[in-house]
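J.: One structure, pasted below without further comment.
Every number here is computed from the coordinates shown, using simple stated rules; none is lab data. What you see is a predicted model; the values in this text were computed from it and never measured. We place every Cβ from the backbone using ideal geometry, glycine too, and count neighbours over all the protein chains shown.
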């Protein structure tokens, strides 16, 4: 996600070169057997769009992929991707922590508390790292989950949705490595 900021500082011709290279990069990604395109198993990468390859490359988590892939490929209403991706994140925190009576920030506070003695899920024994992931997840709930769950928005693009899912995918991978402590 930080590469976009860097790329904007480059000269226009270099930015263009980077943009022109991306589709060929995604074309070199090896297909995963789980992908079915238009009801048929895909045999040839050339038959698949660059967006399909980008989705497959960025979203490794099966649940996130299954719930967001079709929404990213849609023509509009990309706020649905944010709603679904944050629901997958919240559901994963519930599943890993065993806390099924809380939602939103209350869930994040109890499950990923920056105070290691109070957290149900320990991401790291280093307080700063635990606090960092706690703040990221709490911020996602406040900035994306809550607005997406309570109102419709047309401000998001397909690119926004794809980048967001890639970030959520990274968080889900981190959460999978968490150690559970305390009873919820």
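J.: Between residue 136 and residue 74, how many nm apart are label points set 7 Å from Cα along the C-beta direction?
T.: Taking the two extended label points, one gets 2.7 nm.
J.: While we're on this one: Please list, by residue number, everything in the stretch 72-108 whose backbone N is under 20 Å from a paramagnetic label point 7 Å out along Cα→Cβ of residue 152.
T.: It comes to 72-87, nothing else.
J.: Still on this model: Could you state, as a whole-number percent, how many of the C-alpha pairs of the stretch 92-146 are farther apart than 13 Å?
T.: 53
J.: Oh, and also: Decide, for the stretch 79-180, between rounded, prolate and oblate: order the square roots of the alpha carbon gyration tensor eigenvalues as a ≥ b ≥ c, take rounded if a/c falls under 1.5, and otherwise choose prolate if a/b is larger than b/c, else oblate.
T.: Prolate.
J.: Could I have the simple spin-label model distance between residue 160 and residue 115, label points 7 Å from Cα toward Cβ, reported in nm to one decimal?
T.: Here the modelled spin labels are 3.7 nm apart.
J.: Taking a ≥ b ≥ c as the square roots of the Cα gyration tensor eigenvalues, with a/c under 1.5 meaning rounded and otherwise prolate when a/b beats b/c, else oblate, which class fits the stretch 135-184?
T.: Cα axes put the stretch 135-184 in the oblate bin.
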